[in-house]
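This report refers to the structure that appears directly beneath it.
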Amino acid sequence: MQTLILRHNKLISTEGIEILVSLRQLDLGHNMLSSIDPEIVRLKSLQSLTALTLEGNPIALLDQYRSHLW
């Protein structure tokens, strides 16, 4: 799987996402993700990921959340 779209699913965690090692595009927009750790730590383990959408999540309101991604 290279693209996964999970918009508007009320997700509170990205647990399990780390097994999708070939994932290139991930859209998690408009869910309920709110903490940098452990959510961002899991996403950073996806070495092939080139596009990530987090807009509409509480995590996107945190100061400089993007600096924790790459």
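Run the 1.4 Å probe and let me know the accessible area of residue 50, rounded to the nearest 10 Å².
Here the accessible area works out near 100 Å².
Please label the shape of the stretch 29-70 as rounded, prolate or oblate, based on the square roots a ≥ b ≥ c of the eigenvalues of the alpha-carbon gyration tensor (a/c under 1.5 means rounded; beyond that, a/b larger than b/c means prolate, else oblate).
It is prolate, given that a/c is not under 1.5 and a/b is the larger ratio.
Could you tell me the largest-minus-smallest coordinate of the C-alpha atoms of the chain on each of the three principal axes, in descending order and whole angstroms?
Largest first, the chain extends 28, 24, 18 Å along its Cα principal axes.
Can you give the accessible area of residue 21 in Å² (nearest 10), computed on protein heavy atoms with a 1.4 Å probe?
Approximately 100 Å² of residue 21 is accessible to the 1.4 Å probe.
Suppose only helical runs count, i.e. DSSP H with n ≥ 4. What mean residue ellipticity at 222 nm does that imply for the chain under -39500 (n - 2.57) per run, divided by all residues and rounded to the nearest 500 deg cm²/dmol?
Only helices count here, giving -2000 deg cm²/dmol.
Go through the chain and name the trypsin sites (Lys or Arg not before Pro) that are in a DSSP coil and have 15 or fewer other Cβ atoms within 10 Å of their Cβ. Kindly include the intermediate steps, with their values, before the conclusion.
Values: sites: 7, 10, 24, 42, 44, 66; in loops: 7, 10, 24.
Taking the chain and a limit of 15 other Cβ atoms within 10 Å, the loop trypsin sites (Lys or Arg not before Pro) found are 7, 10, 24.
Spelling out what I want: for every residue of the stretch 37-54, take phi, set θ = phi - 60°, compute 6.51 cos²θ - 1.76 cosθ + 1.60 (Karplus), and round to whole Hz; glycine and proline get x.
10, x, 4, 5, 4, 5, 5, 5, 6, 7, 4, 8, 5, 10, 9, 9, 10, 10
So, counting K/R as plus one and D/E as minus one, what does the shell of residues with Cβ under 15 Å around residue 11 add up to?
-2
Where Lys and Arg each count +1 and Asp and Glu each count -1, what net charge lies around residue 42 among other residues with Cβ under 10 Å from its Cβ? Present the calculation step by step, with values, prior to reporting the outcome.
Working: positive: 44; negative: 15, 18, 37, 39.
Charge balance in the 10 Å sphere: -3.
The values are calculated or read from the model by the stated rules, or taken from the named source; none is laboratory data. Being a predicted model, the structure only gives us computed values, none of them experimental. Note that we place each Cβ from the backbone using ideal geometry, even for glycine, and neighbour counts take in every protein chain shown. Side chains are part of the model used for accessible areas, which takes the heavy atoms of the whole protein and leaves out ligands, DNA and RNA. Shrake-Rupley method; radii C 1.70, N 1.55, O 1.52, S 1.80 Å.
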